[in-house]
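> Here you go, one structure.
Please treat every number below as a calculation from the coordinates, not as lab data. Quantities reported herein were computed from a predicted structural model and do not represent experimental measurements. Backbone-built Cβ (ideal geometry, glycine too); neighbour counts: all protein chains shown.
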Amino acid sequence: MDLRKLKTLIDLVSESNISELEIAEADGKVRIVKGYAPVTAPASSPTFSVAAPAPTRSAVAAPEVKIETGHIVKSPMVGTFYRSASPGSEAFVQIGSVVKAGEPVCIIEAMKIMNEIEADSAGTIREILCENGQAVEFGQPLFIIE
């Protein structure tokens with residue numbers, strides 16, 4: 001994209017109420033974002049930045065991944081996660097509860113059927129990863145047992 005066309009686009013953003021403009025052409029992509037000058041400049045003077053071409057997938061930094069230790073109990077199905085057997089009753093487990101393999105830890109409702117989910121390992125519940133009434137996916141972590 002030539003500089004005259006780029007200047008015209010910057011002027012267009014400057015004179016309009018839009019705050020961002022992105023143009024993609026065969027020879028590249030330009031993104032113009034209207035911002036405001038730093039505090040040292042008058043607040044009414046807008047500044048502009050022209051973004052570089054979007055980085056390739058390999059150039060994008062990977063998000064920080066939190067590595068969990070312990071055994072993760074995962075959802076065996078898609079459904080709704082419940083910590084107790086009924087709305088007024090006590091939760092199957094709390095953080096710090098000691099569980100045995102095969103002991104129920106929650107219920108997942110799928111198609112109006114309440115499915116008890118059992119601990120697949122013995123230990124202490126270190127973390128509960130879902131909220132009561134939350135929709136869960138197949139394979140989604142539910143609990144961490146140490």
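> About its Cα centre, how strong a charge dipole does the stretch 71-145 have in debye, to the nearest 20, once Lys and Arg get +1 and Asp and Glu get -1 at the Cβ?
Values: 5 positive and 9 negative charges, 8 e Å.
Computed about the Cα centre, the dipole is about 40 debye.
> Enter the Cα centre distance for the pair the stretch 65-142 and the stretch 3-29, rounded to the nearest angstrom.
51
> Here is a further query. Explain nothing, just compute: Karplus ³J(HN,Hα) = 6.51 cos²θ - 1.76 cosθ + 1.60, θ = phi - 60°, for every residue of the stretch 82-96 in order, whole Hz, x for Gly and Pro.
For the stretch 82-96, the Karplus curve yields 10, 7, 10, 6, 8, x, x, 8, 6, 5, 4, 9, 10, 5, x Hz.
> Please work out the ratio of the alpha-carbon Rg of the stretch 71-145 to 2.2 N^0.38 Å and round it to two decimals. Numbers along the way, then the final one.
Working: Rg = 11.1 Å, N = 75, 2.2 N^0.38 = 11.3 Å.
Rg over 2.2 N^0.38 Å, computed on Cα atoms: 0.98.
> Same structure again: Would you mind ranking LEU9, LEU3, LEU142 so that the residue whose beta carbon has the fewest other beta carbons within 10 Å leads the list?
On the way: LEU9 17, LEU3 7, LEU142 21.
Fewest to most other Cβ atoms nearby, the residues stand as LEU3, LEU9, LEU142.
> Just want the ordering: MET77, MET111, from fewest to most Cβ atoms lying within 10 Å of their own Cβ. Intermediate values should be presented prior to the final figure.
On the way: MET77 16, MET111 8.
By the 10 Å Cβ count, ascending, the order reads MET111, MET77.
> Also, quick follow-up: Roughly speaking, what is the stretch gain from ILE18 to ALA101, that is 0.36 nm per residue apart minus the C-alpha to C-alpha distance, in nm to one decimal?
Values: separation 83, 0.36 × 83 = 29.88 nm, distance 5.88 nm.
That pair, ILE18 and ALA101, stretches by 24.0 nm at full extension.
> Give the cross-link partners of LYS112 among the aspartates and glutamates, using a straight C-alpha distance below 17 Å as the criterion and excluding same-chain residues fewer than 8 apart.
Straight-line reach from LYS112, under 17 Å: GLU137.
> Set the Förster distance to 41 Å, then compute FRET efficiency between ASP27 and GLU137 from the Cβ-Cβ distance, nearest 0.05. Write down the numbers at each step before the final one.
On the way: r = 41 Å, r/R0 = 1.01.
So the FRET efficiency works out to roughly 0.50.
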